[in-house]
């Protein structure tokens, strides 16, 4: 199976603080990988290294067989890295459809006319088609999260990064969003998902990676990882 992403011995420090410490893992095409860890474990920094917003101090990052360790963030988007952010920030004065057109045209380097059909399909997949002409600033939190997901998909990603996308939702809203993510994953979308809502995460991903103080302390099947004594002590704060 082809790996979409590979990190090999990646490290990153800010001054004396090492926030990513010798991290290595791969994500095969079509797989969903969940990332968990306590606050300050280095999860968001890891995403910023994958997207090119931060450059590592050591190690290599490979995307679709190409070394992108020093590649600029925008070029990685054009290569197929799509990302949602923890706090949705759509263009509130534009409609839902216009938000997607902007993301697709800019992210793929195409004219709007070339991406319209794909944007309609994404709206359908993310259950936003009925709200295509609604201003983004008027959306509920759930629909803003859906739009954040849709905008990431509009860039045409080979790899979709989700950053705590279920945060702040009610249980019912969370289940609805998870169903949408499952639908995208079923289409073959490769996903890396940082999330604190564990039941949402484990209902989608095939593997879990656990970070603590920037280091990988475990990676494997969700049941195996959550049964680990070390993971339960570090992540759940339980003395086992």
Test set (1) surrounded by fewer than 20 Cβ atoms within 10 Å (Cβ to Cβ); (2) part of a helix (DSSP H, G or I); (3) touching a helix residue (DSSP H, G or I) at 6+ places or on another chain (Cβ under 9 Å) - residue 168 fails condition number: (2)
Out of 83, 76, 70, which single residue is under 27 Å from residue 15 (Cβ atoms), more than 18 Å from the chain's Cα centre (by Cα) and modelled with pLDDT of 95 or more? 70
Which of (1) closer than 19 Å to residue 207 by Cβ; (2) surrounded by fewer than 19 Cβ atoms within 10 Å (Cβ to Cβ); (3) more than 17 Å from the chain's Cα centre (by Cα); (4) modelled with pLDDT of 95 or more is the odd one out, the single condition residue 10 does not satisfy? (2)
Just for strands (runs of 3 or more DSSP E) wholly inside region 176-240: which have at least 2 residues that are buried (at least 19 other Cβ atoms within 10 Å of the Cβ) and in contact (Cβ under 8 Å) with a residue 60 or more places away in the chain? 190-194, 207-212
Residue check, residue 159 surrounded by 22 or more Cβ atoms within 10 Å (Cβ to Cβ), in contact with a helix residue (DSSP H, G or I) (Cβ under 6 Å, 6 or more places away or on another chain) and at pLDDT 95 or above: no
Count of residues meeting criterion [surrounded by 15 or more Cβ atoms within 10 Å (Cβ to Cβ), touching a helix residue (DSSP H, G or I) at 6+ places or on another chain (Cβ under 6 Å) and either at pLDDT below 95 or farther than 16 Å from residue 191 by Cβ (or both)] in region 21-67: 4
Just one of (1) modelled with pLDDT of 95 or more; (2) touching a strand residue (DSSP E or B) at 6+ places or on another chain (Cβ under 9 Å) trips up residue 198, so point out which. (1)
Among the numbered conditions (1) in a helix (DSSP H, G or I); (2) farther than 17 Å from residue 201 by Cα; (3) within 14 Å of the chain's Cα centre (by Cα), tell me where residue 119 comes up short. (3)
Tell me, yes or no, whether region 183-191 has at least one residue that is over 14 Å from the mean Cα position of the chain (by Cα) and closer than 30 Å to residue 17 by Cα. no
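The values are calculated or read from the model by the stated rules, or taken from the named source; none is laboratory data. Just so we're clear, the structure is a prediction, and the values are computed from it rather than from any experiment. Using ideal geometry, Cβ is built from the backbone for each residue, glycine included, and neighbour counts are taken over all protein chains shown.
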